[in-house]
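One structure is given below, encoded as structure tokens.
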Amino acid sequence: MPLDADVAIWLGELVGKAVVELEHAPGMTIEADDRPDYWLQILPEASEHDGQLEGFVLNFPYRGHTGDPVETLRQRGLTPPPGTETREWEDNAFAMIWIRPDVPLVGLAHFAGDILQVIVGAARSAELSVQFDYGY
């Protein structure tokens with residue numbers, strides 16, 4: 001959306017908190033204007049071998065879109081971090097993409113904000129709220 005720097009730093013710090021709590025399988029749901037239909041989840045993934053951060057899954061509504069989500073992001077003018085992969089999607093329903101673990105957290109926050117605006121449809125001026133859930 002482009003996020004204000006302060007909001008991106010705040011979200012980046014929250015992602016960092018989730019990474020610290022990786023053993024509890026945290027997930028963050030970011031909502032715009034408390035609207036349950038304008039959301040994005042950031043789910044840190046732990047390696048099954050050593051429990052270390054293996055990457056981030058972004059899960060978001062994919063209403064009004066078809067085809068590979070990473071390609072859709074590019075077609076809509078967004079630049080995914082290097083190595084970003086599509087995990088799963090259903091046309092006009094949802095999308096899950098994977099982002100490698102070495103992405104800067106503030107950059108990840110900016111990218112999440114861009115997806116919220118460009119793909120999900122949140123207003124540029126939307127206030128964001130974050131909820132943590134565990135056990136993903």
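Annotations
- Test: residue in region 20-40 that is loosely packed, with under 14 Cβ neighbours inside 10 Å, in a loop (DSSP other than H, G, I, E, B), out of contact with any His (no Cβ under 7 Å at 6 or more places or on another chain) and among the hydroxyl-bearing types (Ser, Thr, Tyr): no
- Considering residues of region 106-136 that are in a loop (DSSP other than H, G, I, E, B) and touching a residue at least 24 places away in the same chain (Cβ under 8 Å) only, the residue surrounded by the fewest Cβ atoms within 10 Å (Cβ to Cβ): GLY135
- Number of residues in region 61-86 that are surrounded by 15 or more Cβ atoms within 10 Å (Cβ to Cβ), assigned to a loop (DSSP other than H, G, I, E, B) and of a type in the set (Val, Ile, Thr): the value is 1.
- Unique residue being of a type in the set (A, V, I, L, M, F, W, C), within 13 Å of the chain's Cα centre (by Cα), at pLDDT 95 or above and assigned to a loop (DSSP other than H, G, I, E, B) when the list is VAL103, VAL57: VAL103
- GLU45 surrounded by 14 or more Cβ atoms within 10 Å (Cβ to Cβ), outside any loop (DSSP other than H, G, I, E, B) and touching a residue at least 12 places away in the same chain (Cβ under 8 Å): yes
- Taking each residue of region 4-16 that is among the polar types (S, T, N, Q) and looking for partners that are part of a helix (DSSP H, G or I) and surrounded by fewer than 13 Cβ atoms within 10 Å (Cβ to Cβ) with beta-carbon atoms closer than 8 Å, six or more apart or interchain, yields nothing.
- Criterion violated by ASN92 - all others in (1) assigned to a loop (DSSP other than H, G, I, E, B); (2) at pLDDT 95 or above; (3) under 28 Å from GLU21 (Cα atoms) satisfied: (3)
The values are calculated or read from the model by the stated rules, or taken from the named source; none is laboratory data. Just so you know, these numbers come straight off a predicted model, no measurement behind them. Backbone-built Cβ (ideal geometry, glycine too); neighbour counts: all protein chains shown.
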